[in-house]
Amino acid sequence: MKKLPPVDVVLVGFGWTGAIMAQELTDAGLQVLAIERGAWRDTPTHFPPTTAPDELRWYWRKEMFQSNARDTLTFRNNRDQVARPMRRWGSFLPGEGVGGGGVHWNGQTWRFLPSDFAAQSHNTARYGALPEGMTVQDYGVTYDELEPHYDRFDKLCGIGGKAGNLRGEIVEGGNPFEGPRSAEYPNPPMHMTFSQNQFIHAARQLGLKPFPGPSANLTRPYVNPLGAQLAPCSYCGFCEKYGCGNYSKASAQTTILPVLMRKPNFTLKVQNEVLSITRDNTGRRATGVTHIDLDGNRYEQPAELVILCAYPLSNARLMMLSGIGEVYNPATGEGLVGKNYCYQVMAAAQVFYDDKFTNGFVGAGALGAAVDEYNGDNFDHTGLGFIGGGYIANWTTNARPIETHRTPEGTPTWGSQWKAAVADNFLTSTTVGAHGASMAYATNALDLDPTYKDAYGQPLLRMTYDFTPNDRAMARFLSARATDIARLMGGREVKVVLRDGPYDSMPYQTTHNTGGTIMGTTPANSVVNRYLQSWDVPNLFVMGAGVFPQNAGYNPTATVAALTFWAAAAIRSQYLRNPGPLVQA
Amino acid sequence: MRSLFLATAALAALSTAGLAQTTSYSQVERGRYIAATGNCQGCHTVPGEAPYSGGRPMPTPFGTIHAPNITFAERSGIGRWTKDDFWRAVHQGIRRDGQRLYPAFPYPHFTKMPRQDVDAVYDYLAALPRVEKESPPNSLPFPLSWRRLMAGWNLLYFTPGVYQPDPARSPEWNRGAYLVEGPGHCGACHTDKNLVGADRRSRHLQGGELDNWAAPDIRAGRNGGIAHWSDAEIVEYLKTGRNAHTAAVSIMSEVIEYSTQLMTEADLKAMAVYLRSLDSPARSAATKPAESVMTAGRAIYADNCSACHRADGTGVPRFFGPLAGSNKVRDPNPTTVIRILLEGARSVPTQARPTPLSMPSYAWKLTDAQIAAVASYVRASWGNDAPPVTEDTVRSLRQTLKETAAH
């Protein structure tokens, strides 16, 4: 193994969190190296217009995503089953390559509710003890502490939206339930189309307060505080699962890389996979990482600071492979790495019109209207049998010809009648969806698979996950609320789409996997402290949604980014001055 | 010497910004700034190699010339040159060994620089790291390889002499005229050349062609290529590489990267004032493309171009160049338009605007006839009135670019 010259900071993975961290730490004068296992990707070279909207290439042939021929995970619903490798991504789509999953996200950019960060203490105070087996806990950081960092991300991306709570004052037209914002969104909301207007009308009839979805698809030309330029969205409907060819979707490529890649104290190494975090003989100090290139050459990269910026599932696995912390054992409750794996629970109702055109192909990843009355603890859960909730929204994200085919109740699932129904309804249907939270249970967790290995002979990550009693009760509730709205939207008929039975890893839902490297208040309940610093190895930090102790009823990107800015600020203002634990255990 | 000193003093007095420059910066800093106004780095550096170490090939219609190493390296650079040697080269186009320089080195423009400025550049170059690196030999055919021939060329086309301010004009105008005509050597690209490579004076700054790019008309007045640009828009373009009307690509990218973005706003404003004082002759109406060409071009445009440049050609100002009214699109010479369609384009990243917004190549996707049709369509739509593009012109440029790339 070749030993390379040391650097100040090594970043493992180079998506949103890697780019933000690199920008912040190079600004502080540090020599930063990012190691990304995928390839270089940029707008003009990989997804220029007329190449970006290629459904077959990017989505169906999975060119956007982690190669599961080299590394995948094994999956089972519960511990009585044998986990088998996912040989094709389905339910979620881990990214790979420069920009990570942030290249193929939709751009729905939410802030979590203040109460989401205190899910354990808030809900216990209001409803009493949490049910048996539910392992929900507080983040250890508050909304107010994160607010300036949310604001920075809004401005970095040029988020379009309408504030509902401006410095404590409720503003008409925005989300009245959101935490107080220090500033209005940098850009106006997207243009609502027919479906959103029907949704808004229906929601108001029910006494709800609809508002435009916050969007990282740019609503007008925008120059961010770094000078990077983002162009207005053309509503082509190729966001989620695609790179944006028009510079219209905020990603590392459009917001940070133009500035970062020019810096002399930043280096990016692509197509190198980090295999482990190395430590000194005390085990309390990371000395760097080992990585391997495409030719199989192995390298030791020494660094003063190691920051995991890969996908949450990969961060958790890398800690397990490196033997840092104890892997969680649901049988005994011992160990923390891999604990509190959570996902997300979706519910939907589809609306079919006779002669009204919804023209779903005129869409954008975050073109939508939403209501937040049934999210978090915005409503009284007494007697409902669950905590948490989700927003209900009507998005027009796409009508891509291979993927999009809504058909009314009773349509055969294949054959000429199915084809006729797809054609009949392609331009005249829409969906009201609920995007639900996921509360942690002891039974859902990540560990290393005892049998299956990746291309380098290292154990695959094993996921054990099923919907929980909380999920099921919440999904039934949200689905009924979504249906209420859908029925008032003036269509011919409504079809309720329920997620029944066990969790299925194949149909796509969201790429919002969380947990496994959770944050918290003490080394007894978390892998990282409130600054995302490892309790065990203080010069190791872990970014990403893996630190969420449980998932909220929102898309995670803004919270992931805000936590990264928050951690970077702690590193800059506290850690560099006095390297060591930032929270005394 | 006395007259030179007077000229310099007059120049320094022309603008208060220029005066501040001379009094508040060290000589080396002053030299750095003047070298930047002349974009010396652009020609004398192979991209990725040490600044000013030379060797960069400059294709000319007569053959390839390699810019020399102008670091103070003893053997391969100008380490043995005195200030007088350097002055003679810049002012008169004569090397230290007495041989003539080729006007690919823009001494016909640089001659307008006063001695004090040239000395400052000398001091700046002397302060840079010395890099021993030989430039490859030039590939000029005989008799052009015979440098003495240049004496005759100079006799016909070269007037040495430091810039003389026009007392009837404002100090700002004079500063602008000096920068544009002297160190900025804008005419090197933007003025059409005669058969022996000298500027056609009657076509001064009305557009030229260089290395298979058409440099547009940069006169303003009533009829110039930038008639509809304001002073502020000219400054913005030179400072950030883009403005409401266009974005810099290709060779102009380097000028902005190494030169104009480093200049003071006052100097850029002065250049704007000067350019805005220059009129161009009115253009005669161009032939319209055939209706069938317009129909095809409109359809190709809708599918491939309208997402960024908008259906009405207004683009997204500062992001995706507007095509309506663009001096690149309206240029009688269609080379740039065709080339951008074939190769794509990339706006120059600058300190102010680091994003290299890019357009993809359509060479793989559109035939010569399709490119001709869409180019003709944009040149004849939305108030543009440039002549149509033929399929043959596209074919020939595609071939030329292929051959150049193969070298």
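The values are calculated or read from the model by the stated rules, or taken from the named source; none is laboratory data. All values derive from a computational prediction rather than experimental measurement. With ideal geometry, Cβ positions are generated from the backbone for all residues, glycine too; neighbour counts draw on all protein chains shown. Heavy atoms of the whole protein, side chains included, go into the accessibility calculation; ligands, DNA and RNA do not. Shrake-Rupley method; radii C 1.70, N 1.55, O 1.52, S 1.80 Å.
Side notes on the structure shown:
- Each pair of Cα atoms in the stretch A:517-580 enters the Kirkwood radius, and Stokes-Einstein at 10 °C and 1.306 mPa s then converts it into a translational diffusion coefficient of 132 µm²/s.
- Residue-wise HN-Hα coupling along the stretch A:295-304, computed from phi with Karplus coefficients 6.51, -1.76, 1.60 (Hz; x: Gly, Pro): 8, x, 6, 9, 10, 9, 10, x, 7, 6
- Gain on full stretching of the segment that runs from A:Arg298 to A:Gln574 - 0.36 nm per residue minus C-alpha separation: 96.0 nm
- Backbone HN-Hα couplings from phi across the stretch B:38-54 [Karplus 6.51/-1.76/1.60, Hz, Gly and Pro as x]: x, 6, 4, 4, x, 7, 8, 9, 7, x, x, 9, 4, x, 6, 7, x
- Among the GluC sites (Glu not before Pro) in the stretch B:244-339, none is located in a DSSP loop while being surrounded by at most 12 other Cβ atoms within 10 Å of its own Cβ.
- Charge tally in the Cβ shell below 11 Å around B:Asp331, where Lys, Arg are +1 and Asp, Glu are -1, B:Asp331 excluded: +2
- Distance between the pseudo-spin-label points of A:Gln271 and A:Glu63 (7 Å out from Cα toward the beta carbon): 1.6 nm.
- Residue-span extension gain [B:Ile251 to B:Thr159] - 0.36 nm each, minus C-alpha spacing: 30.5 nm
- Here the stretch A:92-250 is treated with +1 on each Lys and Arg Cβ and -1 on each Asp and Glu Cβ, and its dipole about the Cα centre works out to around 520 debye.
- Taking every residue in A:44-51 and counting other chain Cβ atoms within 10 Å of its Cβ, the average works out to 4.
- Relative contact order (percent, whole number), the stretch B:21-157, Cα cutoff 8 Å, 6+ residue spacing: 29 percent
- Accessible surface of chain A, 1.4 Å probe, proportion on carbon and sulfur as whole %: 52 percent
- Estimated vicinal HN-Hα couplings, Hz - the stretch A:484-495 in sequence order (Karplus 6.51, -1.76, 1.60; Gly, Pro = x): 4, 5, 4, 5, 8, 8, x, x, 6, 8, 10, 10
- A cut-off of 5 Å between modelled amide H atoms, ignoring neighbours fewer than 5 places along the same chain, links B:Leu210 with B:Ala215.
- Value of D in µm² per second that Stokes-Einstein yields for the stretch B:21-157, Kirkwood Rh from Cα pairs, at 25 °C (0.890 mPa s): 160 µm²/s
- Computed on the stretch B:171-407, with alpha-carbon pairs under 8 angstrom and 6+ residues apart, the relative contact order is 20 percent.
- Simple rule: put +1 on each Lys or Arg Cβ and -1 on each Asp or Glu Cβ in the stretch A:2-577, find the dipole, and look at A:Asn187, A:Leu11, A:Ala202; the Cα lying farthest toward the positive end is A:Leu11.
- A straight Cα-to-Cα reach below 24 Å connects A:Lys339 with the lysines A:Lys453, residues fewer than 8 places away in its own chain not being considered.
- Residue (of B:Ala73, B:Ser280, B:Gly325) at the positive-pole extreme of chain B, dipole from beta-carbon charges: B:Ala73
- Value of D in µm² per second that Stokes-Einstein yields for chain A, Kirkwood Rh from Cα pairs, at 25 °C (0.890 mPa s): 102 µm²/s
- Projecting the Cα atoms of A:Phe211, A:Leu156, A:Gly95 onto the dipole axis of chain A, where Lys and Arg carry +1 and Asp and Glu carry -1 at the beta carbon, places A:Gly95 farthest toward the positive end.
- Residues of chain B: accessible area per residue with a 1.4 Å probe, Å²: 44 Å²
- Note on the stretch A:1-155: Cα-Cα pairs beyond 27 Å make up 50% of the total pair count.
- Nearby lysines by direct alpha-carbon distance to A:Lys419 (threshold 29 angstrom, same-chain neighbours under 8 apart not counted): A:Lys62, A:Lys241, A:Lys356, A:Lys495
- Interface residues of the stretch B:330-362, defined as those losing at least 40 Å² of solvent-accessible heavy-atom surface relative to the isolated chain (probe radius 1.4 Å), are listed as B:Arg353, B:Pro354, B:Thr355, B:Ser358, B:Pro360.
- Local electrostatic count, B:Leu149, Cβ distance below 15 Å [Lys/Arg +1, Asp/Glu -1]: +4
- Relative contact order computed over chain A (Cα-Cα under 8 Å; 6+ residues apart), in percent: 22 percent
- Per residue Cα convex hull volume in Å³ - calculated over chain B: 143 Å³
- Between A and B, accessible area buried - total, square angstrom, nearest 100, 1.4 angstrom probe: 1700 Å²
- The contact residues of the stretch A:202-228, meaning those that lose at least 50 Å² of 1.4 Å-probe accessible area when all protein chains sit together rather than their chain alone, number zero.
- Cβ-Cβ FRET estimate between B:Ser26 and B:Lys288, R0 fixed at 60 Å, reported to 0.05: 0.50
- Across the stretch A:445-463, the residues whose backbone nitrogen lies under 14 Å from the label position 7 Å along the beta-carbon direction of A:Ala331 are A:450.
- Förster-model FRET efficiency, 60 Å R0, A:Ala524 and A:Val422, C-beta, rounded to 0.05: 0.65
- Counting heavy atoms of the protein chains alone, A:Asp354 has an accessible area of about 110 Å² for a 1.4 Å probe.
- For the protein assembly as shown, fraction of C-alpha pairs farther apart than 51 Å, in %: 31 percent
- Within the accessible area of chain B (1.4 Å probe), percent carbon and sulfur: 57 percent
- For the stretch B:171-407, the spherically averaged projection of the C-alpha convex hull amounts to 12.8 nm².
- By the rule of a C-alpha distance below 28 Å, with chain neighbours fewer than 8 residues away ignored, the lysines paired with B:Lys83 are B:Lys112, B:Lys133.
- Local net charge near A:Ala228, Cβ-Cβ under 12 Å (Lys/Arg +1, Asp/Glu -1): +3
- For the pair A:Glu493 and A:Ala183, a Förster radius of 45 Å applied to the C-beta separation gives a FRET efficiency near 0.55, rounded to the nearest 0.05.
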